[in-house]
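The values are calculated or read from the model by the stated rules, or taken from the named source; none is laboratory data. Every value quoted in this text rests on a predicted model; they were computed, and no experiment measured them. Cβ coordinates were reconstructed from backbone atoms using ideal geometry, including for glycine residues, and neighbour counts include every protein chain displayed. Keep in mind that these areas ignore ligands, DNA and RNA; they rest on the heavy atoms of the full protein, side chains included. Shrake-Rupley method; radii C 1.70, N 1.55, O 1.52, S 1.80 Å.
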Amino acid sequence: MTKLLATKIEALKSGFGGEILLPGGDAYENARKIWNAMIDKRPAIIARCTTTSDVVLAVNFARDNGLLLAVRGGGHNIAGNAMCDDGLVVDLSQMKTARVDPGTRRVVIEGGATLADLDAATQAHGLATPLGINSTTGVAGLTLGGGFGWLSRKYGMTIDNLESAEVVTAAGDVVHASATEHPDLFWALQGGGGNFGVVTRFEFRLHPVGPDLLSGLIVYPIAAAKSVLQQYREFVAKAPDELSVWTVLRQAPPLPFLPEEVHGKGIVALALLYTGDPKQGEALIDPLRKLGTPLGEHVGVQPYTAWQQAFDPLLTFGARNYWKSHNFSTLKDGLFDAVIEYIDKLPSPQCEIFFGAIGGATTKPAPDAAAYAHRDALFVMNVHGRWDAPADDARCIGWARDFFKASAPFASGGVYVNFLTADEGDRIRAAYGPNYDRLAQVKRKYDPDNLFRVNQNIQPA
């Protein structure tokens, strides 16, 4: 780093309320680590912000000194866009404060918060908004890409519940974006990713949820997968919006409710959550126990926050991860055949393929109502390659790519932007779909020089 920049960094530190981390030392090394261990980047500066004014200082510093700029919320993004080499990282991880107004059913939460932070704050009042399925995910990245999870069939995508956002733009301005203020920017933030600025605060609408709900797993052997998946398809087509049932195909983890001889063998698990009265839910889910002979089940009434964390042990920080994803408007038998073939040759016991069932409320808005365009998607598939040793990279990535190709003929063409890896620049238009050109216009207005480009990037029009 030049002496000139070193002098400027001292000036930056003097006005900065948070912490400026430079290469060398444990604090810097820890701060540059993110969820996906395949990402190993070394920024010149990590600006660990504690206030919106810190974010303004950091953005202005990067822009004025021609530094590449990355933004870290939860650091969970598969493509590793929370970090960059030789540039400046705006690190929001210390900004997690949440304020809930139970009367208006609203929450305002800062951009560094995780899903666990948001759920804890809102569930204290018996309220929630649709979020993802791994509690260590960042609220910011999830939301800006669209966001969906167990509550989405009933209450829509995460963005469908976004009321407003506080944004630091490329010019260093702090703007409030909503349906009535900067509506073009607000529209773009609802699925356009981190292309338009640093969101320091989100305001969400909340819904009465829980705190105790019917949820759990029903597990079948892989030998029964085709029949189970066919019956699952019929079941989900008729299920009420209050019920979400996802399918996960993988090797059985050592779950206590599964017989020991099943551990490490192929399974198809039905993962479910019912948002209504658990007693009604019990009757509704009973057919799911009769799709064959289950190996075991763990279904009952538990806190919503517990179910939101149920998959955390399979998604811990620090493994090597590579994903491939498709959207589907229907699940065809040929797709089931391909899935079963590839589950039979899993390259690591941590790999899995899952189908997240959305639909219901997620299909109601028009494709151009928000930047997220894929309102026809009823299932989002993620091929989740996950392993520990760098020596296994080629094998595990190859498996994910091969299955991705095998499943492509059955897909609907779109893709969920948050599931794109760093090497999928060719799919960016597919991710933003018919809204790409309008997004490029908004990008030109708020970030004409493409300062915010460490993302699934939209070029300014």
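A few comments on the model shown:
- Pair list, Cβ under 8 Å, 6 or more apart: segment 97-120 residue within 13 Å of Leu131 (Cβ to Cβ), other residue open to solvent by 60 Å² or more (accessible area, probe 1.4 Å) and among the polar types (S, T, N, Q): Ile109/Thr97; Ala113/Thr97; Thr114/Thr136; Leu115/Thr136; Ala116/Thr136; Ala116/Gln309
- Residues within segment 40-69 that are farther than 20 Å from Asp173 by Cβ and crowded, with 21+ Cβ neighbours inside 10 Å, tallied: 4
- In the set (1) outside any loop (DSSP other than H, G, I, E, B); (2) open to solvent by less than 10 Å² (accessible area, probe 1.4 Å); (3) more than 16 Å from Ser329 (Cβ to Cβ); (4) in contact with a Gly (Cβ under 7 Å, 6 or more places away or on another chain), Thr362 fails one condition alone, (3).
- Segment 439-455, residues that are exposed (fewer than 13 other Cβ atoms within 10 Å of the Cβ) and not charged (D, E, K, R): Pro448
- Selected residue [in contact with a Gly (Cβ under 7 Å, 6 or more places away or on another chain) and either farther than 20 Å from Gly138 by Cα or in contact (Cβ under 8 Å) with a residue 40 or more places away in the chain (or both)] from Ala44, Ala58: Ala44
- Scanning segment 139-177 for residues that are over 17 Å from Asp447 (Cβ atoms), of a type in the set (A, V, I, L, M) and either open to solvent by less than 10 Å² (accessible area, probe 1.4 Å) or outside any helix (DSSP H, G or I) (or both) yields Val139, Leu151, Met157, Ile159, Leu162.
- In segment 278-315, the residue that is nearest to the chain's Cα centre (by Cα) out of those that are within 24 Å of Ala120 (Cβ to Cβ) and open to solvent by 70 Å² or more (accessible area, probe 1.4 Å) is Gln309.
- Checking each residue in segment 393-413 for being part of a helix (DSSP H, G or I) and open to solvent by 50 Å² or more (accessible area, probe 1.4 Å) picks out Ala394, Arg395, Arg401, Asp402, Lys405, Pro409, Phe410.
- From the options Tyr436, Tyr416, residue that is of a type in the set (Ser, Thr, Tyr), buried (at least 18 other Cβ atoms within 10 Å of the Cβ), under 27 Å from Pro365 (Cα atoms) and touching a residue at least 40 places away in the same chain (Cβ under 8 Å): Tyr416
- Only one of the numbered conditions (1) assigned to a helix (DSSP H, G or I); (2) aliphatic (A, V, I, L, M); (3) open to solvent by 10 Å² or more (accessible area, probe 1.4 Å) is not met by Leu118, and that is (3).
- Residues of segment 178-189 that turn out to be surrounded by fewer than 24 Cβ atoms within 10 Å (Cβ to Cβ) and either in a helix (DSSP H, G or I) or not hydroxyl-bearing (Ser, Thr, Tyr) (or both), as a count: 7
- The listed residue being in contact with a strand residue (DSSP E or B) (Cβ under 8 Å, 6 or more places away or on another chain) and at pLDDT below 95, out of Leu288, Leu255, Leu272, Leu249: Leu255
- All positions within segment 209-233 that are of a type in the set (Val, Ile, Thr) and not in a loop (DSSP other than H, G, I, E, B): Ile218, Val219, Ile222, Val228
- Scan segment 321-359 for residues that are open to solvent by 40 Å² or more (accessible area, probe 1.4 Å) and out of contact with any Leu (no Cβ under 9 Å at 6 or more places or on another chain) and the total you get is 6.
- Options Gly74, Gly18, Gly25; residue that is small (Gly, Ala, Ser) and touching a Phe, Trp or Tyr at 6+ places or on another chain (Cβ under 8 Å): Gly74
- Residues in segment 121-138 that are assigned to a loop (DSSP other than H, G, I, E, B) and more than 12 Å from Phe204 (Cβ to Cβ): Ala124, His125, Gly126, Gly132, Ile133, Asn134, Ser135, Thr136, Thr137.
- Whichever residue in segment 80-103 is out of contact with any helix residue (DSSP H, G or I) (no Cβ under 9 Å at 6 or more places or on another chain) and of a type in the set (D, E, K, R) and, among such residues, is most open to solvent (accessible area, probe 1.4 Å): Asp86
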